[in-house]
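Presented below is the structure to which this report refers.
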Amino acid sequence: MNNECCCSDRTKIRSEEEKKCLINRLSRIEGQIRGIKGMIEKDAYCADILIQSAAVSAAVNAFNRELLSSHIRTCVADDIRAGKDETVDELTELIKKLMK
């Protein structure tokens with residue numbers, strides 16, 4: 001197994017760069033959520049809050065796409081190469097959950 005991907009026992013070793021990128025995205029989303037909370041506390045107009053809420057949804061979707069892409073390129077590809085065909089079923093179920 002290489003240092004780039006270790007996907008066993010339901011964990012994955014990520015590079016420091018990948019961790020930093022994912023955490024930065026989540027921190028921005030967290031800030032957006034706090035902003036929406038502040039808007040509600042300040043009685044902001046509903047439409048303005050909804051626009052910000054849509055931006056949060058888009059940011060979460062972008063985070064999910066990035067993480068899914070990494071998962072497919074590393075964990076899924078490695079498992080398929082190792083003959084673990086059940087990983088395809090797991091990926092299919094994961095995509096179904098993400099598309100709800």
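Quick check: anything in region 49-65 closer than 22 Å to LEU94 by Cα and basic (Lys, Arg)? Steps first, please.
Restricting attention to region 49-65, the residues satisfying the condition of being closer than 22 Å to LEU94 by Cα are 56-65.
Now drop any that are not basic (Lys, Arg), which leaves 65.
Yes, that holds for at least one residue.
Being acidic (Asp, Glu) and under 22 Å from LEU26 (Cβ atoms) narrows it down to one of GLU41, GLU90, GLU66, so name that one.
Details: GLU41 fails: under 22 Å from LEU26 (Cβ atoms); GLU90 fails: under 22 Å from LEU26 (Cβ atoms).
The unique qualifying residue is GLU66.
Looking at region 83-91, can you tell me whether even one residue there is within 30 Å of ARG10 (Cα to Cα) and in contact (Cβ under 8 Å) with a residue 40 or more places away in the chain?
Step one: of region 83-91, the residues within 30 Å of ARG10 (Cα to Cα) are 83-91.
Keeping just the survivors that are in contact (Cβ under 8 Å) with a residue 40 or more places away in the chain gives none.
No - not one qualifying residue is present in region 83-91.
Filtering region 15-56 down to residues that are of a type in the set (S, T, N, Q) and surrounded by 11 or more Cβ atoms within 10 Å (Cβ to Cβ), which residue is nearest to LYS100 (Cα to Cα)? Step by step, filter region 15-56, then rank; the result is SER53. Annotation: SER70 fulfils all but one of (1) loosely packed, with under 15 Cβ neighbours inside 10 Å; (2) among the small types (Gly, Ala, Ser); (3) under 21 Å from the mean Cα position of the chain (by Cα); the unmet one is (1).
Where a number appears in this text, it was derived from the coordinates with a stated rule and is not lab data. Keep in mind the model is a prediction, meaning the values are calculated, not measured. Quick reminder, even Gly has a Cβ in these numbers, built from the backbone with ideal geometry, and neighbours come from all protein chains shown.
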